[in-house]
């Protein structure tokens, strides 16, 4: 025998289930444009049936078992791996773009053209060594060359300093994210212990992990209480019980709090990119205690010192209009620093008296421009590595950067397409489809209406029982 | 595959932005006229552009050197011709002065004219090209010849100035006063001739006439070698201007856009952009909601 009120109970359950399902739909629609949101769906199942002897088993309605988020964890891992590479190239590409901009080639006013013009001025002097006007224009041309050298070097140093600042900002971001992840872990753990799935918190944590993947390579392990344990190589960033290990930047190096190095070499992500660009492409120079052989900063200093030394060497052997000899054409601005691109000026002796520019190889020979010609011919000497002229060396340096930059552009584009594709796949699984939600809405609405109708029917049936029964003959 | 509104929206957005990027790049090329604005645009072209620029820059200097040298050598050429014709005039005078029948007063008059011709020769030898005394060897800032009575001093040296007219090709400029005036003993002989005229010493006059021929030979020899240099320079400057034309063309091919090509690409890109806008408008608008009561 079953209760006469079972029907009402079933209808009540139907109303509840469908109304809640409509709430989920509403939540989905509300979050259709929320970043990182995974659509949720209610798992509706039948309640425990009642066994009626000699009749069979009768159903008792439906209930909402759980609300789950629709998400593919495998796509998350894929996304983070590829996204890290994408952002590595993105960062590198934009740094290279800046370096190219600083170098300013190819152009009529770039370093390459200015060096050409500098040699031309010596040629010009060699044909008219007596002319003070030509000496004057040689001086101007030399000053233009020095100012471009110093401008390029200054720009590179500025960019390097900017990268240092970027690194600090990025490390701070990583630390912030680690702190937020630790806090989310705690909240998620509390729900897990209660046996619930905190979908929105999980979405938030996944979004943070996506963002973290921009910066650094890491492993995530979710433990049985739902905490995400994050390791970078064999060092923990976020551990159990909200234990967060932060990073710091010291002397341009990224270190863990315990002083060990954060492993960043060839790991992709923005942090690696910044360090690679700073140390290998630009090249930190000795004012920080390291001296890299590679890098454009090293190249421009090398170029400047070759010009400085060779011009001085030849100039010292020649004679000026006043028979002065042994003078340097270039000198250092700050004698304490070495021959670097931003530390060169025209020597004071020459600046005070242009007739001391040593165009001649013989004394008493105002008409002899052969020393000036010798200096002009430096442009064809293989002064660098025994195989490069000064001009070739610079062209090569510029061009190698161009090749790296072009490659970075390509790789970024490719990687971007790949990440887009994964994102699309992820959106396909987890994204909210308005059409779908509207259809669900109609479904639940219909079911709700039908359940209400059943309730009304039950009510009418019962009222017949209550009001009409036992009043026969009254 | 399950398609959501956001996927469509993102795809549309990405495509629109890609199309705009392409349009922007083409517009950039059109307004700058250049295909390569930084090395990564085309590293291969970049290195060529830089090399061609260097060659062109060196060439423009060689052109200047050549022009300068040409001016000087043309002046030197005229001067040598002047010296040659002056010496011819001297010879004519000497022939007249050698005649036994000529009265001494006429010889004195000839000697007077000869003296003026010597002055003229000195003036020619002291020719300058905008302040540069070309016959003084390396000593170009002072007039190379200086007359003190019957003594004419050479104050230059024996170094021939050289000018580079193309890579590693140098060429001699004006011959020095040493070879022309000192080594030939030109002025000593002319003074000696003058004294012979004044003294009526016809045998000495005849002897100096012989010397005069040798001097003229030497001057003419220098003049013809100078002429040879001038034609070599002329040839070289043709080479340079040919090279200039060739390299300017090469540079332009690497560096400059072909306007028709870029304009055409821009038009088609704009069409694509228009089409993608229309597609976006059609795809993005409808939703089931529009059709529910």
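Couple of notes before you dig in:
- Answer residue from region B:47-71, given it is facing another protein chain (nearest Cβ under 7 Å) and farther than 21 Å from residue A:372 by Cα and is surrounded by the most Cβ atoms within 10 Å (Cβ to Cβ) among those: B:50
To keep it simple, each residue is scored yes or no on (1) under 21 Å from residue B:110 (Cα atoms); (2) in contact (Cβ under 8 Å) with a residue 40 or more places away in the chain; (3) in a helix (DSSP H, G or I).
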| site | (1), (2), (3) |
| --- | --- |
| B:135 | no, yes, no |
| B:140 | no, no, no |
| B:164 | no, yes, no |
| B:193 | yes, yes, yes |
| B:197 | yes, yes, yes |
| B:210 | yes, no, yes |
| B:215 | yes, yes, yes |
| B:226 | no, yes, yes |
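- Unique residue being crowded, with 18+ Cβ neighbours inside 10 Å, more than 23 Å from the chain's Cα centre (by Cα) and within 8 Å of chain B (Cβ to nearest Cβ) when the list is A:402, A:431: A:431
- Given (1) within 11 Å of chain A (Cβ to nearest Cβ); (2) surrounded by 21 or more Cβ atoms within 10 Å (Cβ to Cβ); (3) touching a residue at least 60 places away in the same chain (Cβ under 8 Å), number of the condition residue B:80 does not satisfy: (1)
- Among (1) in contact with a helix residue (DSSP H, G or I) (Cβ under 6 Å, 6 or more places away or on another chain); (2) modelled with pLDDT of 95 or more, the one test that residue B:111 misses: (2)
- Candidate set from region B:147-162 (those that are more than 13 Å from chain A (Cβ to nearest Cβ) and in a loop (DSSP other than H, G, I, E, B)); member that is surrounded by the most Cβ atoms within 10 Å (Cβ to Cβ): B:150
- Criterion (out of contact with any strand residue (DSSP E or B) (no Cβ under 8 Å at 6 or more places or on another chain), in the same structural domain as residue A:132 (by TED's automatic domain parsing) and either farther than 30 Å from residue A:103 by Cβ or surrounded by fewer than 17 Cβ atoms within 10 Å (Cβ to Cβ) (or both)) met by exactly one of A:301, A:334, A:348, A:328: A:334
- Residue within region A:361-380 that is under 30 Å from residue B:49 (Cα atoms), surrounded by fewer than 17 Cβ atoms within 10 Å (Cβ to Cβ) and either without any contact (Cβ under 8 Å) to a residue 40 or more places away in the chain or within 14 Å of chain B (Cβ to nearest Cβ) (or both) present: yes
- Members of region B:17-32 found to be in contact (Cβ under 8 Å) with a residue 24 or more places away in the chain and more than 14 Å from every other protein chain (Cβ to nearest Cβ), listed by number: B:19, B:20, B:23, B:26, B:27, B:29, B:30
The values are calculated or read from the model by the stated rules, or taken from the named source; none is laboratory data. What you are looking at is a predicted structure, and each value in this text was computed from that prediction instead of being measured. In this analysis, Cβ positions are derived from the backbone assuming ideal geometry, glycine residues included, and neighbour counts consider all displayed protein chains.
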